[in-house]
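S.K.: This structure is in structure tokens; I'll ask about it shortly.
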Amino acid sequence: MEERGVVDPGRDSPDPPYRVYATMEGSLLEDLRAARHRKIVLQTPAGLLRNATDLASQIREATGTPVVTLVRACFGACDPPSPEEAPGADALVTLGHAPIPNMRRHLTTYFVEMRQKGKDPELLAETVRSAKLPSRLGLVASIQHLDLLPALARELGVRGTETRIGQGGRRLAYLGQALGCNYTSAESVSREVEGYLFVGTGRFHPLGLAFAVEQPVWALDPLSGALSEPLDRERLIRRRLLTIAQATPARRWGILASAFDGQNRLGMAATLKARAEAHGRQAEILIFDRLDPADLLGRDLEAYVSTACPRIALDDGELFERPLLTAPEFLSALGERPLLPYRFDTYA
């Protein structure tokens, strides 16, 4: 696996440069040592938290630079440490995530994408063929398994399946990439395919993909070789339509806006507030960094709309006392757009 190199945003950009690596191996430690940083912050996703202490020690010993580890797990590249979480640091090593090209950075950042090979593409393609999936498939993957897509596409082609790997929007760094908030790579080929094959582990990304596209979605675990049944999109949408119906009579709304740079849509929050007021509703903008359902208890509000990551409402909405909608769902509740076709709140 080749390293992705360094990206310098240019002399006119206020952002520091970033580097991208396939794995922890290779020149990462050499580059960190050569950069002579004052302090390095290590950020790890939930799946790597148990390894964080060893990784911090490895970086510290190889570079001679102080390393601090962020205690909380990160959601993605949209969720870097705040200045308060990384006092005195001038570099960030973040594991398991790719850069978001249109997002501002405050620290020199080393993205370690933790790429994995997975099982033999021939075996995976044979699993897909045996399951008799549609003959025209869009391929989508999490960052760890994107390297597998070209070989898998070739093997599927040999077995009579046409594949498409789409070009996403400005928030995506790679062809075929999936983010929890953005599936534009998949949407870009929607007219050319009859279904989608997500390549990766877990249910987080395929669930988001099922909300974003109308065709059926299958998930292929490239490590175990297991292929899921198609996700029940109709059931997912019915649950969201019920939540919209519960929220529609609300007269007092809370509009949630994230303070994270990677999830900050204060402009949208202001627009939604104006739309609510145009329909005779009261609306209050509430600012947060990390949202806990307990933070909203006791407020004199009947429903909420989130302008942060859409997955807060879609995945965690049942944890909140009041109905919690995405921005497109909120416009449906106001009567400004139809309930169907369902529209995913793509974070661009």
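The values are calculated or read from the model by the stated rules, or taken from the named source; none is laboratory data. Note that the coordinates shown come from a computational prediction; the quantities given were computed from them, not determined experimentally. Here the Cβ is made from the backbone with ideal geometry for all residues, glycine too, and neighbour counts use every protein chain on show.
S.K.: With respect to residue 81, is the statement that it is part of a loop (DSSP other than H, G, I, E, B), in the same structural domain as residue 155 (by TED's automatic domain parsing) and more than 21 Å from residue 201 (Cα to Cα) true? Show your work before the answer.
M.R.: Numbers: part of a loop (DSSP other than H, G, I, E, B): yes; in the same structural domain as residue 155 (by TED's automatic domain parsing): no; more than 21 Å from residue 201 (Cα to Cα): yes.
Spelling it out, it is not the case that residue 81 is part of a loop (DSSP other than H, G, I, E, B), in the same structural domain as residue 155 (by TED's automatic domain parsing) and more than 21 Å from residue 201 (Cα to Cα).
S.K.: Kindly state which helices (runs of 4 or more DSSP H) lie completely within the range 186-305 and contain at least 1 residues that are of a type in the set (S, T, N, Q) and over 20 Å from residue 322 (Cα atoms).
M.R.: Details: elements: 204-212, 233-247, 266-278.
Filter on the range 186-305 gives 266-278.
S.K.: Right, here's the next one. Out of the range 40-56, which residues are farther than 15 Å from residue 90 by Cβ and either surrounded by 15 or more Cβ atoms within 10 Å (Cβ to Cβ) or among the aliphatic types (A, V, I, L, M) (or both)?
M.R.: 44, 45, 46, 48, 49, 52, 55, 56
S.K.: Just the residues that are in contact (Cβ under 8 Å) with a residue 24 or more places away in the chain, within 23 Å of the chain's Cα centre (by Cα) and part of a loop (DSSP other than H, G, I, E, B), please, taken from the range 64-78.
M.R.: The answer is 70, 72, 73, 74, 75, 76, 77, 78.
S.K.: Can I ask one more? Across the range 271-283, which residue is nearest to residue 310 (Cα to Cα) among those that are loosely packed, with under 15 Cβ neighbours inside 10 Å and free of Cβ contacts under 8 Å to residues at least 40 places away in the same chain?
M.R.: 271
S.K.: Follow-up. Any residue that is in contact with a strand residue (DSSP E or B) (Cβ under 7 Å, 6 or more places away or on another chain), closer than 19 Å to residue 116 by Cβ and surrounded by 15 or more Cβ atoms within 10 Å (Cβ to Cβ) - is there at least one of those in the range 28-39?
M.R.: Within the range 28-39, one or more residues are in contact with a strand residue (DSSP E or B) (Cβ under 7 Å, 6 or more places away or on another chain), closer than 19 Å to residue 116 by Cβ and surrounded by 15 or more Cβ atoms within 10 Å (Cβ to Cβ).
S.K.: Hey, another quick one. Would you please name the residue that is farthest from residue 178 (Cα to Cα), looking only at residues in the range 217-235 that are surrounded by 15 or more Cβ atoms within 10 Å (Cβ to Cβ) and aliphatic (A, V, I, L, M)?
M.R.: The residue in question is 227.
S.K.: Based on this model, can you work out whether residue 127 counts as farther than 24 Å from residue 263 by Cα and polar (S, T, N, Q)?
M.R.: yes
S.K.: Just to check your reading of the model, which residue among 25, 61, 84 is within 20 Å of residue 114 (Cβ to Cβ) and free of Cβ contacts under 8 Å to residues at least 12 places away in the same chain?
M.R.: Details: 61 fails: within 20 Å of residue 114 (Cβ to Cβ); 84 fails: within 20 Å of residue 114 (Cβ to Cβ).
The match here is 25.
S.K.: Look at the range 292-322 and say how many of its residues are in contact with an Asp or Glu (Cβ under 9 Å, 6 or more places away or on another chain), aliphatic (A, V, I, L, M) and buried (at least 20 other Cβ atoms within 10 Å of the Cβ).
M.R.: Summing the residues that are in contact with an Asp or Glu (Cβ under 9 Å, 6 or more places away or on another chain), aliphatic (A, V, I, L, M) and buried (at least 20 other Cβ atoms within 10 Å of the Cβ) in the range 292-322 gives 3.
S.K.: Taking residue 89 as meeting all but one of (1) within 23 Å of the chain's Cα centre (by Cα); (2) among the aliphatic types (A, V, I, L, M); (3) assigned to a loop (DSSP other than H, G, I, E, B), write down the number of the exception.
M.R.: The single condition residue 89 does not satisfy is (1).
S.K.: Just checking, does the range 185-192 include any residue being farther than 30 Å from residue 104 by Cα and over 23 Å from the mean Cα position of the chain (by Cα)?
M.R.: Yes, there is a match, as at least one residue in the range 185-192 is farther than 30 Å from residue 104 by Cα and over 23 Å from the mean Cα position of the chain (by Cα).
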